Each structure stands twice: as structure tokens, then as C-alpha cells.
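Read through the structure below, which is laid out as C-alpha cells, and then see the notes.
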Amino acid sequence: MKTIAQDSDDNAGDKGRREFLRLAAGTLALAAFPSKVLGANQRVRIGLIGAGDRGMQDLKDAIALPDVQCVAVADVYSQHRDQVKNLAPAAETYDDPQRLLARNDIDAVIIALPLHLHAKYFFDSLAAGKDVYCEKTMTWDIPEAVQCLHAAQNSKQVVQIGLQHESSGELADARKWYEAGMLGKVTMVESWMSRNTPHGHGQWYRTIPADCNPQHVNWDLFLVNRPKTAFDANQFINWRLFWEFSGGNVTENMVHQIAWIMTAMNLPVPEAAEMMGGIYSEKDGRQVPDTIAVTFEFPNYLTVLWQSTFSNSRYGLGERFLGSDGTVEHISGATDMVTGKYRGGISYYPEKSNRADGTATTGSSAGQNHMANWVECIRTRNQKTNAPVEIGYKSAVAAHMANLAYRQKRRITLQEAMAAKPEY
Ligand SMILES: NC(=O)c1ccc[n+]([C@@H]2O[C@H](COP(=O)([O-])OP(=O)(O)OC[C@H]3O[C@@H](n4cnc5c(N)ncnc54)[C@H](O)[C@@H]3O)[C@@H](O)[C@H]2O)c1
């Protein structure tokens, strides 16, 4: 039988996708590849797949931990292979991640690739017996999310999704207050995320480096699961702006917050989603919207709102859980209306009509280091990570439901979303 590793040279597009899904089903047995059991103080040898902005940060976080060593890095862009030498001079570098995955002296990999490549290498890494830290959003679409969920659940590998706010102290506080019944019946959660940029410079837009050309980039590997096209430096560097490689701000940022809300209230996937908005801030050729309003319907009479703009940053980001007995407000990076000073943190406020004796309080739980939590789980192998595949799956489904609603300009139910054929 052909392995997933050999699949990387196949034609892309629909054929590549069909092949991925077919092999996903047939490779669950491979995904259960027995992994080496490390002792509590044993060295964890990692590889990094994707040494761009986030990959470099993840690598720094990982090698700052005791007894974690980076032995290999794979990236299709020579400049990014070179820059990693400053952090991990002894690491072997490759352009093709399959060469890294073929090494049997690597315990675990960090996947920090453009979104369209997450599922492919998530799956290949499990099949190669590696523990996985995969950046959010877990996958580019819902069918891939289903396949990755099943593959991870049928493997012995330790999976952490790069939803680092799942390890935050504020989430522990929100969860504790919710589970203690201090909010009563929560019928609505409002959430928002806002940013700004100088006029003429769209959010996320990156200047194309002079050496970004086919001599320095393995473009065919960037398109490994997409139709082959002529080299396009803008798509390669600014992949976030294009549907073929990205899910826009819903998969870049909403996913963190919807995962957080789902974990705080132990929610399932939404029953339905709507999303409106468009490209209002800067017309720079991007396809994904910069101004967004999402509405989710969850079971048991709960509406969750998320709104986002790239033309105003005053209110930073946050969530407000509105309950019959109390409110939880979590704010990050907002500025106070009067003083202009930074506002942040998490607070609880009782609703006097139903909790007359309740008192307002602020959160104090300590957060955990998300990368350290993954490494600890790799060593002990007997506990779940803080952001396991299940929250990766639920948050990916929610994000893709919102994008489907936007692109189809209508309300999308969960059943419709699960049956939808993904489009670039
Ligand atoms: N958790 C967070 O808070 C957070 C923050 C930022 C980004 N991210 C996520 O991290 C991921 C990467 O984002 P980024 O900003 O670092 O992107 P980036 O473009 O800077 O980096 C991606 C890297 O992947 C490389 N690459 C592309 N195709 C490849 C292939 N087939 N094999 C090997 N390497 C390949 C590119 O050369 C590049 O170095 C995204 O999914 C993003 O959503 C997460």
C-alpha cells in the first residue's frame, strides 16, 4: 500500500484531496504506530515543520524548556531554513518535511505551516509515529477536521493544538465560575477582536523579500495538495489573504476565542452559523474579509456573537458571558475610554436581581506554559494536553461553518456544513 509519505509528489487539487481523504481512512492503523515511551527526565528530540514567523516563536518556546532539543527543521524557503540556524545551529535542514518525518530519532514535531498544509502534515506526522504540536486552526476545512480527529483518537501520539489561550489562567477562572453556577443561565456570549494598521497598509500584508523566487522556494511543495500553478511570490508570502490557503480572520483569530468560549462552557459544535462583512479596510487584492460579524446558535438556547474589524483597535479583544445570575468579562489589550490606559483581565459581576448577596471578583488563577504542557504530556503519556484534538476539531468546525455561511451568503446548519464540498 502506498504510504502518506509517498503521496507528497502526487498531482494536487481534487485528486490530491480525494487521495488525502481516502488514505486518511486507511492509515488509522499506521497512526497507531507505537511510540517510544520517554522517562520523566528524558530528552525530547523535536523537528520543526515550517520555520516562518510562528514556527520561530514556537521553536524558541520549545527549546527554552529543559531537555528539549531541536534536531531538524523543514521549510521550502531557503531564507527561512537559514534563519533557524541562529536558534538551533546543530539542526539539520530540509526543504521537504517527509525527509524530517522519515528520521526515527525524532520524537515530536511542531507544525507551523500555512493553513492549507496543516492537515496533510498532521496526518503524515501521526503516521510516522511523531507526537504533534499543530498550529491553529487545526485544518483548512471540515472533512480534514473529521479525518484528523479520528486519526489522532486512533493513535497513541500526544497532540497539542496551538490554541495557547486554552492554557490561560483566565480560562481556568471562567470555567470555575461557570461550573459553580455563578452565571446562572447564559443565553448570550459577546466576543470581539479588533486591530488597526497605518493607512495604505492592510492588516497582515507582508512585503515580498527580494530572494522570494523559484530558485529559493520549492513552490511545488507549497502546492503539494493544490492545483499546480506558476510561481506567485505574493500568494506564497501573503497566503493568509487567499481562500485557497487560508480561512481569513475567522481561522486566524476567532478560532482562539471560540475555542475559549467552548471550553469555558463545555459546549459542543454550533447548530448553525451566519456571517456578514466584507473587504472594507484596504483593497489590496485580498480575498478574505477584514470586517466580520458572526452569529452562532448553540444547543440549549445560547447565541454566541463574534465581531472583528481591522480599522480600529480601541477595544482590543474580549468575551462577555451574559448570564441570568452574573456576567464574566474577559478583556485583553483594550484602552480605557477616559485615561487611554491598557485594560485587561477577567472579572465576575453578580446580577443583583438573582444573586443579591453575590460580590464582584477578579480572576487570580495561574496560567500554564502551553508548550511545556505538551512536552510534559509527551514525557508522562498518561494525561491529556490542554488543547487536545477534540478542541482543535470543535473550533475548526465552528470557524469553517462561519466561512461557509459568509461565502454562501446564508445561514448554514451543522448538517449542511458537514456535507458541504470545500471550495477554494
Ligand atoms: N497560535 C498563534 O497565536 C499563532 C500566531 C501566528 C500564527 N499562527 C499560525 O501559524 C501558522 C504559520 O503562520 P506564519 O505567520 O508563521 O506563516 P509564515 O508564512 O510566516 O510561515 C509558514 C512557513 O511555512 C513554510 N512552508 C510553506 N509550505 C511548506 C511546505 N510544504 N513544507 C515546509 N515548509 C513550508 C514557508 O516557507 C514559511 O516559512 C498559521 O497556521 C498561523 O495561523 C498561530
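The values are calculated or read from the model by the stated rules, or taken from the named source; none is laboratory data. These numbers were taken from a predicted model, which means no experiment stands behind them. Reconstructed Cβ throughout: ideal geometry from the backbone, glycine too, with neighbour counts over all protein chains shown. Ligands, DNA and RNA are stripped out before the accessible areas are found, and what is left, the full protein with its side chains, is counted by its heavy atoms. Shrake-Rupley method; radii C 1.70, N 1.55, O 1.52, S 1.80 Å.
Overview of results
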read-out	value
Residue within region 135-142 that is basic (Lys, Arg) and either near the ligand (Cβ under 9 Å from one of its atoms) or touching a Ser or Thr at 6+ places or on another chain (Cβ under 7 Å) (or both) present	yes
Pair list, Cβ < 6 Å and 6+ apart or interchain, from region 214-241 residues that are more than 9 Å from the ligand (Cβ to nearest atom) to residues that are among the polar types (S, T, N, Q)	His216/Ser78
Check on Gln57, more than 8 Å from the ligand (Cβ to nearest atom) and within 24 Å of Glu252 (Cβ to Cβ)	no
So Asn266, is it open to solvent by 30 Å² or more (accessible area, probe 1.4 Å) and either at pLDDT below 95 or on the phi > 0 side of the Ramachandran plot (or both)	yes
Single condition Ala90 does not satisfy, out of (1) within 20 Å of Val224 (Cβ to Cβ); (2) away from the ligand (no atom under 14 Å from the Cβ)	(1)
Residues satisfying the stated conditions in region 110-126, i.e. within 10 Å of Gly50 (Cβ to Cβ), touching a strand residue (DSSP E or B) at 6+ places or on another chain (Cβ under 7 Å) and touching a residue at least 60 places away in the same chain (Cβ under 8 Å)	Ile110, Ile111, Ala112, Leu113, Tyr121
Test result for Ala372, surrounded by 15 or more Cβ atoms within 10 Å (Cβ to Cβ), part of a helix (DSSP H, G or I) and in contact (Cβ under 8 Å) with a residue 60 or more places away in the chain	yes
Tally, over region 44-88, of residues that are under 25 Å from Ala210 (Cβ atoms) and not hydrophobic (A, V, I, L, M, F, W, C)	16
Selection count where residues are under 20 Å from Ser395 (Cα atoms) and part of a strand (DSSP E or B), scope region 292-330	20
Contacts under 9 angstrom Cβ, first residue in region 253-274 being among the aromatic types (Phe, Trp, Tyr), partner modelled with pLDDT of 95 or more and open to solvent by 10 Å² or more (accessible area, probe 1.4 Å), 6 or more apart	Trp260/His165; Trp260/Glu166; Trp260/Ser168; Trp260/Glu170; Trp260/His330
Residue, surrounded by the fewest Cβ atoms within 10 Å (Cβ to Cβ), within region 143-172, restricted to residues that are among the charged types (D, E, K, R) and touching a Gly at 6+ places or on another chain (Cβ under 9 Å)	Lys156
For Arg175: the one exception among (1) open to solvent by less than 10 Å² (accessible area, probe 1.4 Å); (2) away from the ligand (no atom under 13 Å from the Cβ); (3) touching a helix residue (DSSP H, G or I) at 6+ places or on another chain (Cβ under 8 Å)	(1)
Any pair with Cβ under 6 angstrom, 6 or more apart, that starts in region 58-86 at a residue that is farther than 13 Å from Val109 by Cβ and at pLDDT 95 or above and ends at one that is of a type in the set (S, T, N, Q) and within 15 Å of the ligand (Cβ to nearest atom)	Val76/Asn218; Arg81/Thr93
Some residue of region 305-314 being open to solvent by less than 40 Å² (accessible area, probe 1.4 Å), of a type in the set (A, V, I, L, M) and under 20 Å from the mean Cα position of the chain (by Cα)	no
Only listed residue being open to solvent by 40 Å² or more (accessible area, probe 1.4 Å), outside any loop (DSSP other than H, G, I, E, B) and either among the hydroxyl-bearing types (Ser, Thr, Tyr) or modelled with pLDDT under 95 (or both), chosen from Gly344, Gly333	Gly344
Any chance Arg240 is assigned to a helix (DSSP H, G or I) and among the basic types (Lys, Arg)	yes
Residue in region 200-208 that is away from the ligand (no atom under 16 Å from the Cβ) and either open to solvent by 70 Å² or more (accessible area, probe 1.4 Å) or in contact with a Lys or Arg (Cβ under 6 Å, 6 or more places away or on another chain) (or both) present	yes
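A quick yes/no check of all residues on (1) touching a strand residue (DSSP E or B) at 6+ places or on another chain (Cβ under 9 Å); (2) among the aliphatic types (A, V, I, L, M); (3) more than 21 Å from Glu190 (Cα to Cα):
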{"residue": "Tyr301", "(1), (2), (3)": "yes, no, no"}
{"residue": "Val304", "(1), (2), (3)": "yes, yes, no"}
{"residue": "Leu317", "(1), (2), (3)": "yes, yes, no"}
{"residue": "Tyr342", "(1), (2), (3)": "yes, no, no"}
{"residue": "Tyr349", "(1), (2), (3)": "yes, no, no"}
{"residue": "Asp357", "(1), (2), (3)": "yes, no, yes"}
{"residue": "His370", "(1), (2), (3)": "yes, no, yes"}
{"residue": "Asn382", "(1), (2), (3)": "no, no, yes"}
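Condition check ((1) assigned to a strand (DSSP E or B); (2) more than 30 Å from Ser332 (Cβ to Cβ); (3) open to solvent by 30 Å² or more (accessible area, probe 1.4 Å)) across all residues:
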residue	(1), (2), (3)
Gly181	no, no, yes
Thr197	no, no, yes
Pro214	no, yes, yes
Asn225	no, yes, no
Asn234	no, yes, yes
